[in-house]
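Step one of this worksheet: look at the structure below.
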Amino acid sequence: MKRGLDSNFMRLFSGQSFLAAAILTVFLVACAPSVKVRSDVDPTVNLRSYQTYGFFSQLGVEGDNYSGLLGQHFRGSISGQMDQRGFTQGASPQLQINVSIGAEDKVRVNTYQDPYLHGGYYGRGGYGHYGGMGMGYPYGGGTRTTVHQYTEAKVYIDMVDSQQHKVVWQGVATFTVTDKLQENIRQTVYDTVDKVFSQFPIAAPGAGK
């Protein structure tokens, strides 16, 4: 998995003129059933021993190649999740949070039987002006292969111990990037973060009710 963005994916985030495309393309399918979420935690760490959190001065989703709103949405949504769990944002935090995005081009190849290739007739037994084909099995068929290129994106939320400089928890959302437009970007980011934090070891009050 490439944590850095490839050149085609990066262009979606370049410049303020691509503000809408930058956010829409990445988080488009975050609320779709195909999104996959996983997490990992340092087994030697008790996350309840931390009381304060903060963010990297520049998140991985901030900077010249990204829309400024992207970082704002992430900071706001993650702060809400942390505050619900009793953490307090501070100037000298025990936990520092970073958000980054990775993308990888992939190819999906499907091969299947096609009864219509080579002039075959798919009919129901005893019907059809071609004389029917018994129980309706195709004859003279062939195989068809389709090749689909797509981009798989991953959003990483990392929590780092400020003193030991090591990651103590990571949440990851994986989904396929599409071209469909998403109108409510802010809500999509918030929903994505909510799904990632559903695997955080400390549950929010009322979760699961």
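The values are calculated or read from the model by the stated rules, or taken from the named source; none is laboratory data. Bear in mind the structure is a predicted one, so any value in this text is a computation, not a measurement. Neighbour counts are summed over all protein chains in view; Cβ atoms, including those assigned to glycine, are modelled from backbone coordinates with ideal geometry.
Tabulated data
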{"read-out": "Qualifying residue in the range 162-182 (condition: more than 23 Å from residue 198 (Cα to Cα), at pLDDT below 75 and not in a loop (DSSP other than H, G, I, E, B))", "value": "no"}
{"read-out": "Check on residue 1, in contact with a Lys or Arg (Cβ under 8 Å, 6 or more places away or on another chain), farther than 23 Å from residue 194 by Cα and either at pLDDT 85 or above or not β-branched (Val, Ile, Thr) (or both)", "value": "yes"}
{"read-out": "Residue list for the range 72-99, filter: hydrophobic (A, V, I, L, M, F, W, C) and surrounded by fewer than 17 Cβ atoms within 10 Å (Cβ to Cβ)", "value": "91"}
{"read-out": "Matching entry among 61, 29, 45 (being under 18 Å from the mean Cα position of the chain (by Cα), modelled with pLDDT of 85 or more, surrounded by 17 or more Cβ atoms within 10 Å (Cβ to Cβ) and not in a helix (DSSP H, G or I))", "value": "61"}
{"read-out": "Among the candidates 123, 140, 131, 102, residue that is at pLDDT below 95, assigned to a loop (DSSP other than H, G, I, E, B) and surrounded by 15 or more Cβ atoms within 10 Å (Cβ to Cβ)", "value": "123"}
{"read-out": "Which listed residue, of 80, 71, is of a type outside the set (S, T, N, Q), assigned to a helix (DSSP H, G or I) and at pLDDT below 95", "value": "71"}
